[in-house]
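Working notes, structure below.
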Amino acid sequence: MAVSLAPTPASAVAPAASLLDRYQAVRQQTARLCQPLLPEDTVVQPMIDVSPPKWHLAHTTWFFETMLLREYKEDYTLFHPDYAYLFNSYYNSLGSRVNRADRGTLSRPALADVYRYRAYVDEHMQQLLARVAELPASFTTVFELGLQHEQQHQELLVTDIKYILSTSPLTPAYLPAPASLPTSQPAPPAAWLTVPGGVYRIGYEGDGFCFDNEQAPHETYVADFELQNRLVTNEEFLQFIEAGGYHDFRYWLGEGWDLVQREQWQAPLYWMQKDGTWFRFTHHGLQPVNMAAPVTHISFYEADAYANWAGLRLPTEQEWEIAARRFNPDAAEGTFVESTLYDPQPLAPDADPTQCHQLLGDCWEWTYSAYHAYPGYERAAGPLGEYNGKFMINQLVLRGGSCATPESHIRLTYRNFFHADKRWQFTGIRLAR
């Protein structure tokens, strides 16, 4: 995703101390997420979508070094001349790089060297921020992008760590399970929220940060529709499983049905059945499925098949944003990475049925909308133009954030995007009709 590159007025530039505080808070959170890992855990790459934690630690550091220190600090010396090749992600304009699928082969540099790299860049960023008043407005714009970029990688760290640990036959826990898990209470019945058809305005409008794919706010027409006020639960999805949903082609898109047959999917990612009881792998190891919690780690194909089985459908991203603005514009509730729960949580039994719940946090919600540019979108020049625009093909939009998303990073206009087969992120379902 890419940042709005509109110039930042001088009056809007925060004091150096404030910028440094935010910088340090974001950087420390990344290190904190990696703290429970063994050094061996940080090198593993079980599939192409998952990057080793050591690579995340280094890549986010490379971003500040490349986009800010090299551009704005005249006396800056690179920490290591080869790190640009090792830790560039997909910026063709910045040179060649290690193949994405080969990040797990980087046994060197050692993890300790990566932490030294982070400390070196942090020290020079502190020096640069001390003289922020002397820098052009473009600095604070790219600096904000750097913070948001690292928060995106914090979310990826949470989901990548889970996938990495899940591939071990030992099913190791990232963190010990709480001494006593809360008793699961039934989720409140789903209620329908009605939105009359008409022309509505969507997209980001404000003075704060947004990615450029949220820009170009515009009017869009929708017909009358209804949206469920909460996410689909594990118990509801289990009914689909027990009804033979994974074995009935009638509910599936052709590509999805072929994938289910080829991969022999029987349930969401991380689910397994032992002695007649369903368990799922979590950051606390193997745990019984909480039936009241939102179902997660499902592909678009599974979400769409479930909706078809239920006689309903997935919302479009336009419907999602319109309903969110109408029924819960503040969207304050939700489970985010700061909770350290690393799992979507059940909705309270006494939740107001007239409000739209679980909009932000808990699970990214698949929509039936192709990821493409809003009318009037313009790709930025230079490497920052590669951050987002070139991915606007063959992907679906997801809305709302997840339990792995930093709370300060998400908003109602945020547009995430994945290919239809992806399941390792905290993805879930909200139904429409």
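The values are calculated or read from the model by the stated rules, or taken from the named source; none is laboratory data. This structure is a prediction, so every number in the text was calculated from the model and none was measured. Here Cβ is always computed from backbone atoms with ideal geometry, including for glycine, and neighbour counts include all displayed protein chains. All accessible areas refer to the heavy atoms of the entire protein, side chains included, with ligands and DNA or RNA removed. Shrake-Rupley method; radii C 1.70, N 1.55, O 1.52, S 1.80 Å.
For segment 114-136, the tally of residues that are open to solvent by 40 Å² or more (accessible area, probe 1.4 Å) and of a type outside the set (D, E, K, R) stands at 8. The set of residues in segment 87-103 being part of a helix (DSSP H, G or I) and either open to solvent by 80 Å² or more (accessible area, probe 1.4 Å) or in contact with a Phe, Trp or Tyr (Cβ under 8 Å, 6 or more places away or on another chain) (or both) consists of F87, N92, R100, R103.
So which residues in segment 158-172 are among the small types (G, A, S) and either under 30 Å from R415 (Cα atoms) or open to solvent by 50 Å² or more (accessible area, probe 1.4 Å) (or both), if there are any at all?
S166
Going by the conditions given, is F79 assigned to a helix (DSSP H, G or I), surrounded by 16 or more Cβ atoms within 10 Å (Cβ to Cβ) and modelled with pLDDT of 95 or more? No.
Only residues that are open to solvent by less than 30 Å² (accessible area, probe 1.4 Å) and out of contact with any helix residue (DSSP H, G or I) (no Cβ under 9 Å at 6 or more places or on another chain) were counted across segment 199-217, and they come to 3. The one condition from (1) of a type in the set (A, V, I, L, M); (2) under 30 Å from L312 (Cβ atoms); (3) part of a loop (DSSP other than H, G, I, E, B) that L170 does not meet is (2). Looking only at segment 36-54, how many residues end up being among the polar types (S, T, N, Q) and outside any loop (DSSP other than H, G, I, E, B)? Adding up the residues that qualify gives 1. Report yes if S107 is assigned to a loop (DSSP other than H, G, I, E, B), polar (S, T, N, Q) and within 20 Å of the chain's Cα centre (by Cα), otherwise no. For S107, the condition - assigned to a loop (DSSP other than H, G, I, E, B), polar (S, T, N, Q) and within 20 Å of the chain's Cα centre (by Cα) - is not met.
Listed conditions (1) loosely packed, with under 11 Cβ neighbours inside 10 Å; (2) of a type outside the set (K, R); (3) farther than 26 Å from L312 by Cα are all met by P189, apart from (3).
Pairs are defined by a Cβ separation below 7 Å, a sequence spacing of at least 6 or placement on different chains, a first member in segment 308-328 that is within 19 Å of A420 (Cα to Cα) and among the hydroxyl-bearing types (S, T, Y), and a second member that is modelled with pLDDT of 95 or more and open to solvent by 60 Å² or more (accessible area, probe 1.4 Å); the pairs so defined are T316/Y368. Scan segment 41-54 and give yes if some residue there is closer than 14 Å to R118 by Cβ, of a type outside the set (S, T, N, Q) and at pLDDT 95 or above, otherwise no. Yes, segment 41-54 contains at least one residue that is closer than 14 Å to R118 by Cβ, of a type outside the set (S, T, N, Q) and at pLDDT 95 or above.
The set of residues from segment 406-426 being over 10 Å from the mean Cα position of the chain (by Cα) and polar (S, T, N, Q) comprises S408, T413.
Just to be sure, is W62 over 20 Å from the mean Cα position of the chain (by Cα), assigned to a helix (DSSP H, G or I), aromatic (F, W, Y) and crowded, with 19+ Cβ neighbours inside 10 Å? Judged against the criteria, W62 is a match. Which of the following residues is of a type in the set (G, A, S), touching a Lys or Arg at 6+ places or on another chain (Cβ under 9 Å) and under 30 Å from R423 (Cα atoms): A190, A173? So the residue among A190, A173 that is of a type in the set (G, A, S), touching a Lys or Arg at 6+ places or on another chain (Cβ under 9 Å) and under 30 Å from R423 (Cα atoms) is A190. Provide a single number: the residues in segment 104-113 that are under 19 Å from D49 (Cβ atoms) and open to solvent by 70 Å² or more (accessible area, probe 1.4 Å). Residues in segment 104-113 being under 19 Å from D49 (Cβ atoms) and open to solvent by 70 Å² or more (accessible area, probe 1.4 Å): 1 in total. Restricting attention to segment 384-401, the residues that are surrounded by 15 or more Cβ atoms within 10 Å (Cβ to Cβ) and either touching a helix residue (DSSP H, G or I) at 6+ places or on another chain (Cβ under 7 Å) or not in a loop (DSSP other than H, G, I, E, B) (or both) add up to 10. For residues that are in a helix (DSSP H, G or I) and either of a type in the set (A, V, I, L, M, F, W, C) or within 26 Å of the chain's Cα centre (by Cα) (or both), scanning just segment 4-17, find the one that is modelled with the lowest pLDDT. The extreme case among them is A10. Once segment 402-432 is narrowed to residues that are hydrophobic (A, V, I, L, M, F, W, C) and part of a strand (DSSP E or B), the residue that is least open to solvent (accessible area, probe 1.4 Å) is A432.
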